[in-house]
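Take a look at the structure set out below.
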Amino acid sequence: MDNPLIGYRGLPPFEAIRPAHAEPALDKVLAQNRATITALLTEDSNHPTWEHTLFPIEEINDNLNRSWSPIGHLHSVADNDELRKVYEACLPKLTAYLTEMGQNEALYAAYKSVAQSAEYAQLGIAERKIIDNALRDFRLSGIELGAQGKDRFKALKQSLSRLQTQFEENLLDATDGWNRRVHDERALAGLPDSARKLAAHKAQQQGQQGWLLTLEAPSYLPVLMYADDRELRFEMYQAYVTRASEHGPNAGQWDNTEVMSEILSSRQELARLVGFHDFAQYSLETKMASSAEQVLEFISDLARRCKPIAVREFGELERYAREHLGLSCLEAWDVAYCSEKLRQEHFQLSQEELRPYFPVPRVLLGLFEVVRRLYGLMIQEVPGVSSWHPDVRFFQIQDESGEIRGQFYVDLYARAKKRGGAWMDQCLARRRGRDELQIPVAYLNCNFSPPLGQDPALLTHDEVITLFHEFGHGLHHMLTRADYPSVAGLNGVAWDAVELPSQFMENFCWEPGVLGLISGHCRNGERLPEALLRRLRAAKNFQSGLKMVRQLEFALFDMRLHMGDEAMDGEAIQALLDQVRKEVAVVPVPSFNRFQNGFSHIFAGGYAAGYYSYKWAEVLSADVFSRFEEKGVLDRTIGEEFLSSILEPGGTREPMEQFIEFRGREPSVEPLLRHTGMLVETH
Ligand code: ZN
């Protein structure tokens, strides 16, 4: 049987790919790769070089990507039982291979030997960066430890993975372990139709009458935001913020307290084992921020500037609640509800009202026009390209000399068997082989409502922002000039700088000049009316101070939690959070609140000692955009500088160096404060 996943040229032949092809293709590529690595390391063991040893490794990694990326992608966008089974069978094989590579001492020795040879200084920056990154990653995975240390490292990794899963499962069980039946619809007063329908549907699923409220976000959030019944809001708030803790309706069940403290101590030990003072330092080793102190200073600077604004916003909210809603004391479970009422009164803006102005064909053309004006690049649809669904379209990006720079699939609409959310994924990375250049190809995926009836698909303004965001990641991937997959585009870019190009693109969605390009009423082509645009821009910064200090609270808590070397039990964790809140928070929190027991970003996900990255990247992207504001947001000269300093080098250079080259100085927080309406004029 010919396997279309092996050795195809150009784009993946999606129409020919079947789930049954995946495992044999993966087995074959992994076997080939293992054999090649063994051969390379034996042959050149005395004298490894870039050309003969490391260059081929880039090539075999790319072979793996070419065979595996279509399967990973299909699993995300066109899943079925057969594919899922195959995917689950393949994943452990892939993980085992990657772990093996990370632990391969001969491979490590080869990188080290090239790094220490005279050849190193002769190599280009991309090659040197690949070697430096590889050595760093080997070191971070404990390669230099003795046998005993290695065993301990592995044991800690395994227990961390078990503990993090345990944290997530406790939280999930606690979320599922509470619900509230409603027999009388009057209790749901204030809730929008969609939330009521969901609650009725949930009840039905359980074979019950009436309505069922749960702690899942689509049920919980609307209650906190819209339910007029204060008692109901309190009840759900209490259940939600005490999940997996010693408080609340399910006190002590699925309690994460012990798990959190074990996670922290395991991370601490792991970091110290490979030579770092604490986990914060270990985490920052692969980030743009240079030290925990720098991150702390970054957070406190923002807090100093934004807290007074948040205090004022909260005062306004308290006054509004007192005067208009008769609430003499604004409690944590009233905040979202009162804020929503205040927001509606101020701006009378609904995203639904905006939809007819953003038909997909118009938005795409406008987006492509922005790219043309900024970088002189032409984007055109290529018909007849094989894909996984009839809705998928395929485009290519060409520069003025006629060179094709990148290609992308666009898959915009929600449908069954497609993962939720929006994301950009890499299909092929740019790679210059011995005799040909592989052009980068991206997948752009969203979950917008499909076209209904005669009209094209219509987007809300939020969805337009999402599209621009993902397209920003796509441009980073596709416009790179780096010739090796491991540093092309986003690859090898520090975690806290990866969102720069994507958040940068979001800024355009608020510019009147750009809105003229991307909006046009689906019936008459009329552009977004001035009055609507004004309300849209005004609503953007509603309570931005409160939103900011909330993020700063999480970021500061996360960073301090991972600094220092003392063991932390539940009490110590709580004391730290109380202290952080005293410094930056504005909205009072009841003493039963155990937010930390559900903070899965840092306890179960990859954001440990990295939560600040959200704000960090936002500061960078706002500051980059401010240079465009100075000269005109669609200025071609600045656009080309952005292209050459940030997008094209991809992961070959340090992000701070790239930033300074473009901006002429280190990042400033002021543009972000200005964009969010929080720059206080100093006198
Ligand atoms: Zn993103």
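What the table below lists for this structure:
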| quantity | calculated |
| --- | --- |
| Options L172, L160; residue that is closer than 30 Å to Q205 by Cα, in a helix (DSSP H, G or I) and modelled with pLDDT under 95 | L172 |
| Some residue of the stretch 545-553 being part of a loop (DSSP other than H, G, I, E, B) and open to solvent by 40 Å² or more (accessible area, probe 1.4 Å) | no |
| Restricting the stretch 515-535 to residues that are in a helix (DSSP H, G or I) and crowded, with 21+ Cβ neighbours inside 10 Å, the residue that is nearest to the ligand (Cβ to nearest atom) | I518 |
| Single match in A289, A271, A280 (criterion: of a type outside the set (K, R) and without any contact (Cβ under 8 Å) to a residue 40 or more places away in the chain) | A271 |
| Count of residues meeting criterion [within 27 Å of the chain's Cα centre (by Cα) and surrounded by fewer than 15 Cβ atoms within 10 Å (Cβ to Cβ)] in the stretch 249-280 | 0 |
| Number of positions in the stretch 281-297 that are in a helix (DSSP H, G or I) and loosely packed, with under 15 Cβ neighbours inside 10 Å | 3 |
| Residue that is farthest from T38 (Cα to Cα), among those in the stretch 105-144 that are open to solvent by less than 40 Å² (accessible area, probe 1.4 Å) and assigned to a loop (DSSP other than H, G, I, E, B) | G124 |
| Any hit, the stretch 435-458, residues being within 26 Å of G124 (Cα to Cα), outside the structural domain of F55 (by TED's automatic domain parsing), modelled with pLDDT under 95 and not small (G, A, S) | yes |
| Pair list, Cβ < 8 Å and 6+ apart or interchain, from the stretch 467-482 residues that are farther than 13 Å from N445 by Cβ to residues that are hydroxyl-bearing (S, T, Y) and within 11 Å of the ligand (Cβ to nearest atom) | G472/S502; H476/S502 |
| Test: G605 is within 26 Å of N170 (Cβ to Cβ) and buried (at least 23 other Cβ atoms within 10 Å of the Cβ) | no |
| Those residues of the stretch 392-439 which are surrounded by fewer than 18 Cβ atoms within 10 Å (Cβ to Cβ) and among the acidic types (D, E), in sequence order | D399, E400, E403, D435, E436 |
| Pick from the stretch 577-636, criterion in a helix (DSSP H, G or I) and small (G, A, S), ranking: farthest from W510 (Cα to Cα) | G598 |
| Residue ID - surrounded by the fewest Cβ atoms within 10 Å (Cβ to Cβ), chosen from residues in the stretch 298-311 that are more than 25 Å from the chain's Cα centre (by Cα) and of a type outside the set (A, V, I, L, M) | R304 |
| Checking Y87 against (1) under 26 Å from the mean Cα position of the chain (by Cα); (2) open to solvent by 60 Å² or more (accessible area, probe 1.4 Å), the condition it does not meet | (2) |
| Condition broken by F592, with the remaining ones in (1) more than 23 Å from R537 (Cα to Cα); (2) in contact (Cβ under 8 Å) with a residue 24 or more places away in the chain; (3) crowded, with 20+ Cβ neighbours inside 10 Å satisfied | (3) |
| Residue check for L26: at negative phi, in contact with a Cys (Cβ under 6 Å, 6 or more places away or on another chain), in a helix (DSSP H, G or I) and among the aliphatic types (A, V, I, L, M) | yes |
| Neighbours by Cβ (under 8 Å, 6+ apart or cross-chain): first from the stretch 372-393, within 12 Å of E15 (Cα to Cα); second of a type in the set (A, V, I, L, M) | V385/L11; S386/L11; S386/A16; W388/L74; W388/V77; W388/A78; H389/V77; H389/A78 |
| Test: residue in the stretch 375-382 that is farther than 23 Å from G525 by Cβ, open to solvent by 50 Å² or more (accessible area, probe 1.4 Å) and away from the ligand (no atom under 16 Å from the Cβ) | yes |
| Selection within the stretch 312-331 - open to solvent by 20 Å² or more (accessible area, probe 1.4 Å), of a type outside the set (D, E) and part of a helix (DSSP H, G or I) | R312, G315, R319, Y320, R322, H324, L325 |
| R196 vs. criteria among the charged types (D, E, K, R), open to solvent by 10 Å² or more (accessible area, probe 1.4 Å) and part of a helix (DSSP H, G or I) | yes |
| Tally, over the stretch 123-143, of residues that are among the β-branched types (V, I, T) and free of Cβ contacts under 8 Å to residues at least 60 places away in the same chain | 1 |
| Residue satisfying all of: in the stretch 7-48; modelled with pLDDT under 95 and in contact with a helix residue (DSSP H, G or I) (Cβ under 6 Å, 6 or more places away or on another chain); farthest from A134 (Cα to Cα) among these | D44 |
| Cβ-Cβ under 7 Å pairs, at least 6 apart or on other chains, the stretch 57-79 side over 13 Å from H21 (Cα atoms), far side at pLDDT 95 or above and surrounded by fewer than 18 Cβ atoms within 10 Å (Cβ to Cβ) | I60/T36; A78/H389 |
| Odd one out for A538 among (1) surrounded by 16 or more Cβ atoms within 10 Å (Cβ to Cβ); (2) among the hydrophobic types (A, V, I, L, M, F, W, C); (3) in a helix (DSSP H, G or I) | (1) |
| Strands (runs of 3 or more DSSP E) wholly inside the stretch 398-507 that include at least 1 residues being under 26 Å from D137 (Cβ atoms) and away from the ligand (no atom under 16 Å from the Cβ) | 423-428, 441-448 |
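The values are calculated or read from the model by the stated rules, or taken from the named source; none is laboratory data. Remember, predicted model here, so these are calculated numbers, not experimental data. Note that we place each Cβ from the backbone using ideal geometry, even for glycine, and neighbour counts take in every protein chain shown. Surface accessibility is based on the protein's heavy atoms, side chains included, excluding ligands, DNA and RNA. Shrake-Rupley method; radii C 1.70, N 1.55, O 1.52, S 1.80 Å.
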